[in-house]
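One structure is given below, encoded as structure tokens.
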């Protein structure tokens, strides 16, 4: 009788925690899904950036890049993204993004998923006014049992001021990602990214209006899930002119904070 009771409790617990972990890290692309209601999810990455310019090998570390997500409803989540950076011996907080993600259509059980993300970066320099707003439209299509494609289209506006000097930047980004499910726990992906931006400098002598600039990247990685709640991953990427490379390691976990789960 005890064995039957324990088995029943385990079955109920697994039913309450039906959602598998689904992360946005470590790729450039954000997914079309949101975390479910009462799900608390943390995505952390440790990275190394290698800048290969003029036959030199300069590098800095990302310690860590962290994304914290919490599901308010089935389709709405809130997000916090503090970013720490270590450059040689200088370790500092370089930004904190706060925002939300809303699922427009589709969740895990559907082939097409689309969401919109809005965020605002809180200033980290007390003597400057910094406006940093960003929004991204995400789209995923599961076109076969183990294959999916994803697209992101985004815009970012940056206004950085010190005294009377102003630096304004408009940035557009696009990503394309292909994912293949190797096993139930292991998957891989490859993706490309393009950044297009224009910068305007005001009240700076001489005044400079930068023309449009572009950067192109690609990366590939492996993701492995431990059960429903934990995931580790590795990513390698670079830009197309081979002057910049990066390696990323990640660990991610999710918790169900609903009262039913606690019982």
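The values are calculated or read from the model by the stated rules, or taken from the named source; none is laboratory data. Just so we're clear, the structure is a prediction, and the values are computed from it rather than from any experiment. Note that we place each Cβ from the backbone using ideal geometry, even for glycine, and neighbour counts take in every protein chain shown.
Among all residues of segment 201-217, there is at least one that is under 23 Å from residue 44 (Cβ atoms) and modelled with pLDDT under 95.
Residues checked against (1) within 15 Å of residue 130 (Cβ to Cβ); (2) touching a helix residue (DSSP H, G or I) at 6+ places or on another chain (Cβ under 9 Å); (3) not in a strand (DSSP E or B):
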| residue | (1), (2), (3) |
| --- | --- |
| 144 | no, no, yes |
| 152 | no, no, no |
| 160 | yes, no, no |
| 166 | yes, no, no |
| 177 | no, no, no |
| 183 | no, no, yes |
| 189 | no, no, no |
| 192 | no, no, no |
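For residue 172, the stated conditions hold: it is modelled with pLDDT of 95 or more, under 20 Å from residue 115 (Cβ atoms) and assigned to a strand (DSSP E or B). Only one of the listed residues (241, 228) is outside any strand (DSSP E or B), at pLDDT below 90 and closer than 15 Å to residue 23 by Cα. That residue is 228.
Taken over segment 221-246, the criterion of being exposed (fewer than 14 other Cβ atoms within 10 Å of the Cβ) and touching a residue at least 60 places away in the same chain (Cβ under 8 Å) is satisfied by 230, 242, 243.
Based on what the data block shows, is residue 153 within 26 Å of residue 223 (Cα to Cα), within 14 Å of the chain's Cα centre (by Cα), at pLDDT 90 or above and loosely packed, with under 15 Cβ neighbours inside 10 Å? Taking the combined requirement at face value, the residue satisfies it.
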